[in-house]
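Okay, structure first, notes after.
The values are calculated or read from the model by the stated rules, or taken from the named source; none is laboratory data. Just so we're clear, the structure is a prediction, and the values are computed from it rather than from any experiment. Every residue, glycine among them, receives a Cβ derived from its backbone with ideal geometry; neighbour counts consider all protein chains shown.
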Amino acid sequence: MRTNYCGLIDTQYLDQIVTLQGWVHRRRDHGGVIFIDLRDREGLVQVVVDPDTKEAFETADKLRNEFVVQIQGKVRHRPEGTTNSNLISGQIEVLAKAIEILNPSVTPPFMMDDDNLSENTRLLHRVLDLRRPEMQRNLRLRYKVALLVRNYLDSAGFIDIETPMLTRSTPEGARDYLVPSRVHPGQFFALPQSPQLFKQLLMVAGFDRYYQITKCFRDEDLRADRQPEFTQIDLETSFLDEEQIMDITESMAVHVFKEAIGVDLGQFPRMTYDDAMFYYGSDKPDLRVSLKFAELTDVMKDVPFKVFSGAANMDGGRVVGLRIPGGAALSRSEIDTYTQFVSIYGAKGLAYIKINDKTQLNDTGLQSPIVKNLTEASLAAIIERTGAENGDLIFFGADKAKVVNEAIGALRIKIGHEKGEAGGYFVKAWRPLWVVDFPMFEHDEDGDRWVACHHPFTSPKPGHEDWLTSNPGACRARAYDMVLNGWEIGGGSVRIHSAEVQSKVFDALKIGPEEAQNKFGFLLDNLKFGAPPHGGLAFGLDRLVTLMTGAESIRDVIAFPKTQRAQCLLTNAPNEVDEKQLREVGIRLRQKAETTA
């Protein structure tokens, strides 16, 4: 019977007999004395096996990495000069008296402390990967964060209520994962993209404060911060406005970060969506980077340089400058690398000016191929609006606003992280904020229609209801996003609690009465039964923990994640099913699964 965890034994156990169980992390034979690093979920402890204990020594000689063993021994001080301050157990070692092999192991495909593994190797052997100390720490932190959230919300009067995993398809932007019904041939359930409609119905039902830590599913293209199934901290309240909801959730975030990793997030500044896009080109700006856009569209309308004037006069076009302090020292090859980088976001090039002497508005004081194609007035405006000084460099974006915002916004982050610490425009810190006053809708040029920026159940700001039919583009939403270091970690809104207003939103989205009733009738019908004002927010648990751990991907904080192609390499899912299963749900395949040699 185990008496202690390996990684928690320290000097308080000196001279005590302990029984440990775990995995052989490493075995070393030093001139007749065998050392074993024994590992369990709490960490490592050093075990010494002396030849004098013949039976234990013979067993230790058979041990290999990842054997599961039980060791009984006496705790003693490590010899002087051999202590390890990085371990709780680093001051002691265990002198083995008896060793039992509980289960041998074949040779593992990698060492548990190997930090140079490919992601495919890790995901293929995920069970072994999860034994690695880094992954153990990540998942234990995830558990701790979830526990802190539960405790906070419980104390604030929220009730944990489960909502269905099998529901109807009500697309909210991404594609649904569909589940065929055997007992209703030709009909399908959908896995929830979020509990949105059910949590609103719970408010109509009078539960007042609801929360749930739940799985959600979206069949969409994957990135480092996306998974087809992800975990959401979901909450909803009644009779609170957006400021009160933000206060509760901000306080929760501050509490969780403080208790989980000892970080004080402090107060969250408010920033409007318009300001975020104007200065940073993003609705989730990374405020650790102090670089900002300088708006130049109005002063570039008449310049001879067609790249700038064309964008400035284009419907929906934009021209901005991005000042890089000390950037004149950038080499041509570095500038070429940044030019290639912005092309990923659709930018056709990356114009620049190096500031040698800002008092000379010509190609002597300003070093760039484009200077001769700009007027003196436009050059003066560039210097003034960017605040450029001698030795700086200014990058330019000129195109449709969407391309400029994405390309120069990404460049801002890249340069800030690569050069900003030395240049004084990047800080290693935590920079939270709220982004508020989002547009209700954005225009889909391909479909020539308005689409909801958040989701179609978001309430317009007071006084904007009449614009839903007359001027949807002017409507602002009672929506708010919590942003931290350039990641949206939570988003929410005050919801529509009036069936009449909800119908107007559907009209603006070109969802007719019949379609609205078919898809959302259960919501519209119940809003008529005295629905209270309500709103809420959802956090991405995976993203929260990824930020806390500093991991590169949310896959590093999920026990069994999917690849970027939405596959589980461990179980080889998705996979084919047999004809009998397909017949039972009335499905015939039009396209067979591709087979690989």
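Listing for the model above:
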item	result
Output for the stretch 249-288, where each listed residue is aliphatic (A, V, I, L, M) and under 27 Å from Ala477 (Cβ atoms)	Met252, Ala253, Val254, Val256, Leu265, Met271, Ala276, Met277, Leu287
Flag if Gly521 is touching a residue at least 24 places away in the same chain (Cβ under 8 Å) and either in a strand (DSSP E or B) or not assigned by the TED database to the domain that holds Leu202 (or both)	no
Residue check for Asp234: within 30 Å of Ala566 (Cβ to Cβ) and touching a His at 6+ places or on another chain (Cβ under 9 Å)	no
Per-region count, the stretch 199-250, residues farther than 15 Å from Leu544 by Cβ and assigned to a helix (DSSP H, G or I)	13
Test for Gly32: is it among the small types (Gly, Ala, Ser) and surrounded by fewer than 18 Cβ atoms within 10 Å (Cβ to Cβ)	yes
Breaking point among (1) modelled with pLDDT of 90 or more; (2) within 24 Å of Leu235 (Cα to Cα), for His454	(1)
Entirely in the stretch 254-360, the helices (runs of 4 or more DSSP H) that have 1 or more residues that are surrounded by 15 or more Cβ atoms within 10 Å (Cβ to Cβ) and without any contact (Cβ under 8 Å) to a residue 12 or more places away in the chain	306-313, 332-343
Yes/no for Ile496 being crowded, with 17+ Cβ neighbours inside 10 Å and touching a Ser or Thr at 6+ places or on another chain (Cβ under 9 Å)	yes
Index of the failed condition, Leu570 passing every other in (1) in a helix (DSSP H, G or I); (2) farther than 14 Å from Gln227 by Cα	(1)
Among (1) over 30 Å from Val256 (Cα atoms); (2) among the basic types (Lys, Arg); (3) surrounded by 21 or more Cβ atoms within 10 Å (Cβ to Cβ) - the single one Arg478 does not satisfy	(1)
Residue match in the stretch 404-411 (condition: closer than 30 Å to Glu442 by Cα, out of contact with any helix residue (DSSP H, G or I) (no Cβ under 8 Å at 6 or more places or on another chain), at pLDDT 95 or above and of a type outside the set (D, E, K, R))	no
Unique match (being of a type in the set (Val, Ile, Thr) and touching a Gly at 6+ places or on another chain (Cβ under 7 Å)) among Thr83, Thr19, Thr59	Thr83
Within the stretch 542-597, tally of residues that are over 32 Å from the mean Cα position of the chain (by Cα) and over 22 Å from Pro180 (Cα atoms)	3
Residue match in the stretch 35-50 (condition: part of a loop (DSSP other than H, G, I, E, B) and either out of contact with any strand residue (DSSP E or B) (no Cβ under 9 Å at 6 or more places or on another chain) or within 29 Å of Leu130 (Cβ to Cβ) (or both))	yes
Members of the stretch 225-250 found to be polar (S, T, N, Q) and in contact (Cβ under 8 Å) with a residue 12 or more places away in the chain, listed by number	Gln227, Thr231, Gln232, Thr237, Ser238, Thr249
Candidates Gly447, Gly416, Gly391, Gly420, filtered to the one that is outside any helix (DSSP H, G or I) and in contact (Cβ under 8 Å) with a residue 40 or more places away in the chain	Gly391
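To keep it simple, each residue is scored yes or no on (1) surrounded by fewer than 16 Cβ atoms within 10 Å (Cβ to Cβ); (2) charged (D, E, K, R); (3) within 25 Å of Gln244 (Cβ to Cβ); (4) under 23 Å from the mean Cα position of the chain (by Cα).
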residue: Tyr143; (1), (2), (3), (4): yes, no, no, yes
residue: Arg150; (1), (2), (3), (4): yes, yes, yes, yes
residue: Ala156; (1), (2), (3), (4): yes, no, yes, no
residue: Ile159; (1), (2), (3), (4): yes, no, yes, no
residue: Leu166; (1), (2), (3), (4): yes, no, no, no
residue: Thr170; (1), (2), (3), (4): no, no, no, no
residue: Arg175; (1), (2), (3), (4): yes, yes, no, yes
residue: Ser181; (1), (2), (3), (4): yes, no, no, no
